[in-house]
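Below is one structure, written out as structure tokens; the observations come after it.
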Amino acid sequence: MTWEKIELLKQELTGLQLSATHLQFSMTRCADLMGQEKWSPEQLERLQSLTSRFASLSDLLVQRLFRLVDEIELTGAGTVLDRIFRAEKRDWGQATDLIKIRELRNLIAHEYASEKMPEIYAAVAAMSPTLLAAVPKVVTYAEQMIARYPV
């Protein structure tokens, strides 16, 4: 069963790296839009893509990679907070930052009021570098894990 999870980990890493690349691309395309309060439809589309990609990468990390590594290491399932605190112990990021990322992801998923969108866009722009910084750390850790379980 562990080898199946290792294979899944390999697939998830590919998706993780692609998702990080997409978020980085959106950050570059939206850098000049931060600080504004009104946008054209094309600019709104770029900002919405940025927030969507942020939420997607956050989900991949917290809901899939963190959980899958825990399963492979036979760590108890626990809550999202448990996974975040274990990620901090693995040196993937500060728990306070990872919690803010998770909260922002939840806000993105449930926010429909247009008056809050400028605040959300600014928060995504501010937290994206922190989210992206976790990716190479998770990749390195996972690759070391994969090396310990040759198929």
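Odds and ends about this structure:
- Count of residues meeting criterion [hydroxyl-bearing (Ser, Thr, Tyr) and in contact (Cβ under 8 Å) with a residue 24 or more places away in the chain] in the stretch 11-50: 2
- The stretch 92-116 - residue that is modelled with pLDDT of 95 or more and among the β-branched types (Val, Ile, Thr) and, of those, nearest to residue 39 (Cα to Cα): 101
- The residue list 142, 133 contains one member that is part of a helix (DSSP H, G or I) and either touching a Lys or Arg at 6+ places or on another chain (Cβ under 9 Å) or farther than 15 Å from residue 62 by Cα (or both), which is 142.
- Cβ pairs under 6 Å, 6+ apart, first in the stretch 132-151 and touching a residue at least 60 places away in the same chain (Cβ under 8 Å) and within 18 Å of residue 88 (Cβ to Cβ), second among the small types (Gly, Ala, Ser) and buried (at least 16 other Cβ atoms within 10 Å of the Cβ): 132/20; 134/93; 135/20
- Condition met for residue 19 (of a type in the set (Gly, Ala, Ser) and within 16 Å of residue 105 (Cα to Cα)): yes
- Residue 47 being of a type outside the set (Val, Ile, Thr) and surrounded by 15 or more Cβ atoms within 10 Å (Cβ to Cβ): yes
- Conditions (1) buried (at least 17 other Cβ atoms within 10 Å of the Cβ); (2) out of contact with any Lys or Arg (no Cβ under 8 Å at 6 or more places or on another chain); (3) charged (D, E, K, R): number failed by residue 70: (2)
- Exactly one residue among 130, 96 is over 21 Å from residue 52 (Cα atoms) and among the hydroxyl-bearing types (Ser, Thr, Tyr), and that residue is 96.
- Test: residue in the stretch 76-89 that is out of contact with any strand residue (DSSP E or B) (no Cβ under 8 Å at 6 or more places or on another chain), buried (at least 16 other Cβ atoms within 10 Å of the Cβ), within 25 Å of residue 146 (Cα to Cα) and among the basic types (Lys, Arg): yes
- Residues of the stretch 1-54 classified as over 17 Å from the mean Cα position of the chain (by Cα) and small (Gly, Ala, Ser), total: 3
The values are calculated or read from the model by the stated rules, or taken from the named source; none is laboratory data. In this text the structure is predicted, and so the values were computed from the model without any measurement. Positions of Cβ are backbone-derived with ideal geometry, glycine not excepted, and every protein chain shown enters the neighbour counts.
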